[in-house]
Structure formats: structure tokens, C-alpha cells
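Novice: Dropping a structure here in C-alpha cells format, bear with me for questions.
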Amino acid sequence: MLAALKRQVYEANMLLPKHGLVTFTWGNVSGFDPERGLFAIKPSGVPYEELRPEDMVLVDLEGTKVEGELNPSSDTPTHAVLYKRFLGIRGVVHTHSPWATSWAQAGRSIPCYGTTHADYFYGEIPCVRNLTKAEIEADYEKNTGILIADEFQNMKKDPNAVPAVLCKNHGVFTWGKDADEAVHNGVVVEECAKMAARCELLSPDVLPAPRELQDKHYFRKHGAGAYYGQKGEK
């Protein structure tokens, strides 16, 4: 079932070590088929070098395994909540990439200091709070997804305009129109985190880039007036 989706999700997972976003098994990618209401996700704890396309596990939006011999990622409930709450996304990535996770461990959102960041994310990349003791003990992974979605709603942030979040003391989640775009956003988050950290090291009093510059770079790539790239380019 959904062999093409499994292949896409497998290939997207293999991009994580290629781009230096994971160490050992510290990450996962999923891809969602809205017509079936199912998503494919990396199996839990399997080394990347041992993965095969057929190892990808199919689960429904309640996190119940539908197909696969292996157990799905332990982060499956988080992915399920994001697919339910962030309508239109088709891929989700979770990593502990070192630069972005350093910001998460510091409990800091990543400010937009330059145009590289602004090309992809409209404003800062938020860092959400820790889960409470009760939330951790009740249903840790599901409540992680609920926290992310609730915080975006409370902050009035559009998840399509800011397709990334840091979870305090934890790591990074990114998403996109498919699994490949979600990985692409994960790579960009890591690069933005690296540049922001170095920027603050060089200039501790640095301020975010001017709003008019941020707007120019974001909206030339996104929205009705976008003009970056070639006609017909996806």
C-alpha cells in the first residue's frame, strides 16, 4: 500500500544524514497522503544505513499502525497532531540538528538577522515552552504536537509562513508541502541557526533585520506577488 509514498519518505529520511541533520538515529521524516488519511514514517530506532523503502511504517491520524512489520517512530503522535492541526502540510521532519537544537536548549527563538532567514521564514522561528510534568507523564509525544499547534494559534503565526519550530530543551520540527520540502526547511533552519549564533558572537547587541527588508525578501518568494525563480517552477 502507498509504495510511492513510502519510497519518497525513505529517500527524504536518507537526506537527513546526507545534510548533517542527524547523528545515529536522532531524527525522522514522515509524508502524508490526505486522500487515504495515512502517513508513512521512519521506523523507531533503525539506523539509517539499514533502512529500506519497505521499512517505512503506515499509520493513521490517530497514530495507529496500519501497515508495516516494525514499530513507527516514537515521535509518530507528534506528526499526527501536526497533520491534523496544520491543514495543507504533507511532510514533517524532526531532528536534533546541533545548531538549531542549541537555540532550543537555550530556550530562545531564532531572530531574523538577515535575508537568508527572511527568504524562508516570516519573522523569528519560535521556541515553545517546556511541557509541564503532567503533560509529559500523560502523553508526551502527542502533547508535544498539541503544544506546537496551540502556540502557533496563540501567537497568530501562519504555519505555512513559518514552517519550523523549536521545542525548548528538545529539538526541531519542520514541515512542508511534502517530505522533501520539510527536509529542505530543516536544512535551512540549521543554517539560519548557525548564522544567527555567529552573528551574536560577532555583535552581541545586534538587532533583527529591518522589517521592510524582511518583507521584501519573504514576499518576493511567497504569495501572489512573488517573482523569484522561473515561471511554472514549483
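Novice: Count, please, the residues in the range 58-108 that happen to be within 21 Å of V189 (Cα to Cα) and β-branched (V, I, T). Write out each step before concluding.
Specialist: First, the residues of the range 58-108 that are within 21 Å of V189 (Cα to Cα): 75, 78-79, 82-83, 86, 88-108.
Add one more test, that the residue is β-branched (V, I, T), and what stays is 78, 89, 92-93, 95, 101.
Adding up the residues that qualify gives 6.
Results for (1) open to solvent by 10 Å² or more (accessible area, probe 1.4 Å); (2) more than 27 Å from H117 (Cβ to Cβ); (3) at pLDDT 95 or above; (4) polar (S, T, N, Q), shown as yes or no for each residue.
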| site | (1), (2), (3), (4) |
| --- | --- |
| A3 | yes, yes, yes, no |
| V29 | no, no, yes, no |
| G91 | no, no, yes, no |
| H96 | yes, no, yes, no |
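Novice: Given the criterion surrounded by fewer than 16 Cβ atoms within 10 Å (Cβ to Cβ) and either under 17 Å from Q214 (Cα atoms) or among the aromatic types (F, W, Y) (or both), identify the matching residue among N154, N160. Please lay out each step first, then the result.
Specialist: Details: N154 fails: either under 17 Å from Q214 (Cα atoms) or among the aromatic types (F, W, Y) (or both).
Exactly one residue qualifies, and that residue is N160.
Novice: Continuing with this model, one more query. I need a count of the residues in the range 203-220 that are open to solvent by 60 Å² or more (accessible area, probe 1.4 Å) and either closer than 14 Å to Y120 by Cα or modelled with pLDDT under 95 (or both).
Specialist: Result for the range 203-220: 4.
Novice: Check whether at least one residue in the range 222-234 is surrounded by 14 or more Cβ atoms within 10 Å (Cβ to Cβ) and part of a helix (DSSP H, G or I), and report yes or no.
Specialist: Taking every residue of the range 222-234 in turn, none turns out to be surrounded by 14 or more Cβ atoms within 10 Å (Cβ to Cβ) and part of a helix (DSSP H, G or I).
Novice: On to the next question. Please count how many residues of the range 38-64 are in contact (Cβ under 8 Å) with a residue 40 or more places away in the chain and either open to solvent by 20 Å² or more (accessible area, probe 1.4 Å) or in a helix (DSSP H, G or I) (or both).
Specialist: Total meeting the criteria: 5.
Novice: If you check E191, E200, E141, E181, which single one turns out to be open to solvent by 10 Å² or more (accessible area, probe 1.4 Å), more than 24 Å from V9 (Cβ to Cβ), part of a helix (DSSP H, G or I) and of a type outside the set (K, R)?
Specialist: From the options E191, E200, E141, E181, the qualifying one is E200.
Novice: Residues to consider are E35, E67; find the one that is open to solvent by 10 Å² or more (accessible area, probe 1.4 Å), of a type outside the set (A, V, I, L, M), touching a strand residue (DSSP E or B) at 6+ places or on another chain (Cβ under 8 Å) and modelled with pLDDT of 95 or more.
Specialist: Selected residue: E67, the only one of E35, E67 that is open to solvent by 10 Å² or more (accessible area, probe 1.4 Å), of a type outside the set (A, V, I, L, M), touching a strand residue (DSSP E or B) at 6+ places or on another chain (Cβ under 8 Å) and modelled with pLDDT of 95 or more.
Novice: Looking at Y48 and the list (1) in contact with a Pro (Cβ under 8 Å, 6 or more places away or on another chain); (2) within 23 Å of K142 (Cβ to Cβ); (3) at pLDDT 95 or above, which single condition is not satisfied?
Specialist: For Y48, the exception is condition (2).
The values are calculated or read from the model by the stated rules, or taken from the named source; none is laboratory data. Computed from a predicted structure; not experimentally measured. With ideal geometry, Cβ positions are generated from the backbone for all residues, glycine too; neighbour counts draw on all protein chains shown. Quick note on the areas: whole protein, heavy atoms, side chains included, nothing else; ligands and nucleic acids left out. Shrake-Rupley method; radii C 1.70, N 1.55, O 1.52, S 1.80 Å.
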